[in-house]
1. Sort by residue number and name the cysteines in the chain that have no neighbouring cysteine Cβ under 4.7 Å.
2. Mean separation of Cα pairs under 8 Å and 6+ residues apart, divided by the residue count of segment 115-175: what relative contact order is that in percent?
3. What is the order of Thr183, Thr272, fewest Cβ neighbours within 10 Å to most?
4. Quick one: length gained pulling Ile198 to Arg100 fully straight, 0.36 nm per residue minus the C-alpha distance?
5. Say R0 is 35 Å: what FRET efficiency, to the nearest 0.05, do Arg217 and Asp57 get from their beta-carbon distance?
6. Take the chain, connect every pair of alpha-carbon atoms lying under 10 Å apart with a spring to form a Gaussian network, then pick out the residue of Ala26, Ala91, Ala99 with the largest mean-square fluctuation.
7. Number of Lys-Lys pairs in the chain under 30 Å by Cα, sequence gap 8 or more or different chains?
8. Relative contact order for the chain: what is it in percent, counting Cα pairs under 8 Å that are at least 6 residues apart?
Amino acid sequence: MTGKHVAVLMGGVSSERPVSLSSGAACAKVLEDIGYRVSRVDVGHDIAAVLSELKPDVVFNALHGPFGEDGTIQGVLEYLQIPYTHSGVLASALAMDKARAKMVVAAAGVAVAESCLMNRFDIGNEHPMASPYVVKPVREGSSFGVVIVREDQPHPPQVIASADWKYGDEVLVERYIPGRELTCAVMGDRAMDVCEIIPVGHQFYDYDSKYAEGASRHECPAKISPNIYQKIQRMALMAHRAIGCRGVSRSDFRFDDRFSEEGEVIWLEINTQPGMTPTSLVPDIAKAAGISFGELLQWMVEDASCLR
């Protein structure tokens with residue numbers, strides 16, 4: 001191995017801090033095992049000074065959520081001229097904004113669900129669209145703040161306008177797509193395998209089913225028809241390119257096959273900083289393609305650059 005000095009950024013200040021700490025710890029250990037010199041950095045607001053002192057050859061960005069995934073830390077790294085993994089400033093900022101990312105990928109020909117962007121206080125007591133629908137924060141990850149409104153609910157969920165809501169005032173209201181949860185990773189310019197996510201004991205793929213041991217199963221490759229499999233791969237690659245992603249990304253889909261095998265495939269969102277925890281999807285998807293966790297991380301480190 002090259003002996004490069006890799007600073008693994010983890011933790012941070014967002015609501016996804018625990019996930020990032022888990023991702024970062026897993027990545028740091030494996031990068032050390034394969035021969036890199038690794039510095040583990042729990043990111044705070046002094047990160048520019050910390051990195052200026054460390055002087056790493058490469059930054060492996062294992063941050064999730066605002067500040068780490070939205071173009072902010074990417075801008076700091078560009079200013080410091082330190083090569084880094086994953087997507088650049090513009091793609092990161094765009095992908096983090098679910099509403100605007102949907103507009104871009106829809107213009108590229110990717111199928112998305114009908115939706116509207118609203119201020120949470122404007123929803124009031126009337127449904128903003130025919131139920132069932134989903135209300136989600138525009139700039140959060142890990143399913144934080146996602147609320148599913150069922151057909152039999154007489155009014156919108158009251159939590160959205162309450163003082164307990166901590167996910168920003170802008171929300172995306174989106175048609176609910178029943179069916180199966182599918183995801184597809186892109187590595188560089190290659191769409192990898194499609195994986196089906198099967199929550200265990202949960203209504204949908206929420207925070208707990210993402211990160212709690214045994215709370216979801218990953219079936220990779222997904223048991224779907226070749227036509228649908230290839231369609232999802234095409235859409236994932238189209239979204240990756242339309243947003244301008246670099247390195248590894250992961251697109252999430254819903255597949256409604258209740259009435260036919262071909263059904264309806266809908267793109268939900270793209271993740272420019274997919275989780276790298278022991279229960280995360282991208283390591284499983286890479287494994288199905290014959291790529292070990294170490295090989296995946298090595299590729300990401302060697303792919304790192306500025307001006308991404």
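Only the coordinates and a few stated rules stand behind these numbers; no lab work does. The shown structure was predicted, so the numbers you read here are calculated from the model rather than taken from an experiment. Here Cβ is always computed from backbone atoms with ideal geometry, including for glycine, and neighbour counts include all displayed protein chains.
1. Cys27, Cys116, Cys184, Cys245, Cys306
2. Numbers: 99 pairs, mean separation 32.4, N = 61.
Here the relative contact order equals 53 percent.
3. Values: Thr183 26, Thr272 30.
Lowest to highest Cβ neighbour count: Thr183, Thr272.
4. On the way: separation 98, 0.36 × 98 = 35.28 nm, distance 2.81 nm.
Extra length available between Ile198 and Arg100 comes to 32.5 nm.
5. Once rounded, the FRET efficiency stands at 0.35.
6. Sorting by GNM fluctuation, first place goes to Ala26.
7. Final tally of qualifying lysine pairs is 29.
8. On the way: 665 pairs, mean separation 64.3, N = 308.
The value is 21 percent.
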